[in-house]
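Notes for the one structure printed next.
What follows draws every value from the coordinates through simple rules; no lab data is involved. Because the structure is predicted, anything quoted here is derived from the model rather than measured. All Cβ positions, glycine included, derive from the backbone under ideal geometry; neighbour counts span all protein chains shown.
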Amino acid sequence: MNIPVPNLIEQIGHNGEAIVFPNCRFPYCTRGFHKQEIIDVAIKNGWMVSTIEAKPELWPFEGSDPAFSLPSSVQWHMDHFDGIIAGASETRSHAVAWVDGEIIDNGRVIDDLDFNIIEFFGFQNQS
């Protein structure tokens, strides 16, 4: 969104460092940020945010039928938009920025994800 991190934190209203889970080890004890906080700031700054599931499935309303899987379009969206990649490993949930085809985690460009993608939030400037 071309918002400097200090300004983004100011707009969110906190820096994510408050200890809210004191029984967990660092950094899992901290508040962190919820995806909705980032989405709200984006919308208030004139950006549209689309949520794209990595593995979309249809489930029946009743019964125990298996899910019907749909083709994923997450890669197409990642090829066309910057955004946030959210996912999980066996031990944690995590999210990273996706900017110009690079993964940015805590301000550093990294080579690979250490979690499975659950969803991608694509940002598109509406101004």
* Structure fact -> If R0 = 25 Å, then Leu58 and Ser89, at their Cβ-Cβ distance, give a FRET efficiency to the nearest 0.05 of 0.45
* To do: Would you please calculate the Kirkwood hydrodynamic radius of region 5-125 over all C-alpha pairs and express it in Å, rounded to one decimal?
  => 16.1
* Structure fact -> Only helices counted: for the chain, with every DSSP H run of 4 or more residues adding -39500 (n - 2.57) and the sum spread over all residues, [θ] at 222 nm is -5500 deg cm²/dmol
* Estimated dipole of region 12-65 in Debye, rounded to 20 [Cβ of Lys and Arg +1, of Asp and Glu -1, Cα centre] -> 360
* Got a sec to turn the phi values of region 79-89 into Karplus ³J(HN,Hα) couplings, 6.51 cos²θ - 1.76 cosθ + 1.60 with θ = phi - 60°, whole Hz, x for Gly and Pro? -> 6, 10, 9, 7, x, 10, 9, 10, x, 7, 10
* **Long-range HN-HN contacts of Trp47 with modeled amide H, under 5 Å** => Gln126
* To do: Return the loop-located chymotrypsin sites (Phe, Trp or Tyr not before Pro) in region 25-125 (DSSP other than H, G, I, E, B) with at most 11 other Cβ atoms within 10 Å of their own Cβ; answer none if there are none.
  => Phe61
* Asked: How high is the FRET efficiency between Asp100 and Asn23 when r is their beta carbon distance and R₀ equals 41 Å, given to the nearest 0.05?
  -> 0.60
